[in-house]
Each structure stands twice: as structure tokens, then as C-alpha cells.
Amino acid sequence: MQWIRRSFIAGCFVMVPLIISVAALVWAFRLIDGVMAPLYTQLLGQEVPGLGLATALLVVLVVGALATNVFGKRMLQRGESYLLKLPVFRAVYAPVKQLVAAFSPENELAFKRVVLVDDPATGFVLGFLTKEFTIDRGRGAEPVLAVYVPTNHLYLGDVRIFPKSRVTYPALTVQEGVRVFLTGGMAVRQVLKAVRSDTESPSESPSEPPAAMQDAAGARSLTGADRDC
């Protein structure tokens, strides 16, 4: 029963964003098609099937093109700033955008990579690296990492600050880390290799579990006998 419950919850959290995304695209296409199709019929004197849908696709491509250049980004950001002044729009749009941006590799605010922290108080902590910075308490700069530790809901969690010396980088991509949380830890491999944070840059997130990382000097082996993630 425990496995069924976890699998069902994990399936919900995988399917719900997908369903919402597809529904949003269908709604946008239908909206544009509903506005443009009658105009084309009036202008051309006859109904042309698919012309409204083609316009919707063109609009999406144009918005995407604008979002990938400096001038277009400024235009979209200005338009977004006006829309965010609307209370209802801001309450819905801002959290959704932040959640999507967090997993985007092209966004500078995105999760950098998965980290594993050896915390003396709580044991091993798995999370996502969000920021690397230093703290100066009058004894010189101390390198620390900001780590987002989510629940299996992903959008709920805590931001914790750890000394860099306690942080290691497991051979997990961000997508694999998401699966670990969605499945309640069941997606963790039997043997998980991790390298010390002072031997690798935070930006060097593995695209897949690389053999080079697994064999790197200073690698640590975590098995079920050590800790349950």
C-alpha cells in the first residue's frame, strides 16, 4: 500500500503540470483561432480551415523569437511589469513563472545542480544548489552555498545555508533530483557517487550520470547502509 500511495502521488505531480501546460496551450490556440478565424473569413470572403490555427502558431513563434533577443526581452519585461500590477494576475503568474524558471537551464536563477550535504544535526541532506556566496563575520570570507531543500511537492521547501566544505556534488542531474523527491527517495540509485564541492565547479552539472565523476578523486560512495536519502 505504501508503494501504491507513493507511486500515485508521484504520478499526480508529474501529470498535473503536464496537463496544465497542454490545457494552457490548447486554450491559447483556441483563443487566437476564435478571434482571427472570423476576421480572415470577413477579409477573404470565405472560411479557410486552419488559418486561425496557423496564426496562433505564428504568434507563439514570434513571442519565442522576441524572448531570445535583447530588444525583445526588454519589450516582454516591460509588458510583464504592467501585467504584474494586476493583483489577480500577479498572484497566479508570479509563482508559476518562478517554478518554471527554477528548472530552466537557460535562466541564471535556475537550480544549478543537485547537492548532498553532510549535516551533523540532521544527517545527509539532498537539495538543489541555488546560490554560491561568502559570509564575512569579521574573520575573513567564508564560502557558503544556499540550498533549496524541497518536499515531494517541489514547490514547498526550505532554503538552508551550508558551509561549502560540507557540500558534495552527487552524480545526479537536476531532472534526476526531481524524480528522487517525487518518488519519496525510491529513485535513488543503489550506489550514489559524489565529489567534494572544492574539486568541481557548481556550474559543471552532469548531463547524465558520468563515469568520470564516479571515478573522480575524492569521490564518496553512499549506499543504503550509510544513509537513506
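Points to keep in mind about this one:
Per-residue answers, yes or no, for (1) closer than 30 Å to Val195 by Cα; (2) modelled with pLDDT of 75 or more:
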| residue | (1), (2) |
| --- | --- |
| Leu83 | no, yes |
| Lys97 | no, no |
| Asn107 | yes, no |
| Phe111 | yes, yes |
| Asp118 | yes, yes |
| Asp136 | yes, yes |
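- Within this structure, Leu83 fails the test of being surrounded by 13 or more Cβ atoms within 10 Å (Cβ to Cβ) and either among the polar types (S, T, N, Q) or under 24 Å from Val22 (Cα atoms) (or both).
- When every residue of segment 55-78 is checked against the conditions, at least one turns out to be in a loop (DSSP other than H, G, I, E, B) and either out of contact with any helix residue (DSSP H, G or I) (no Cβ under 6 Å at 6 or more places or on another chain) or closer than 24 Å to Arg90 by Cα (or both).
The values are calculated or read from the model by the stated rules, or taken from the named source; none is laboratory data. As the structure is a prediction and not an experimental result, all values here were calculated from the model. Note that we place each Cβ from the backbone using ideal geometry, even for glycine, and neighbour counts take in every protein chain shown.
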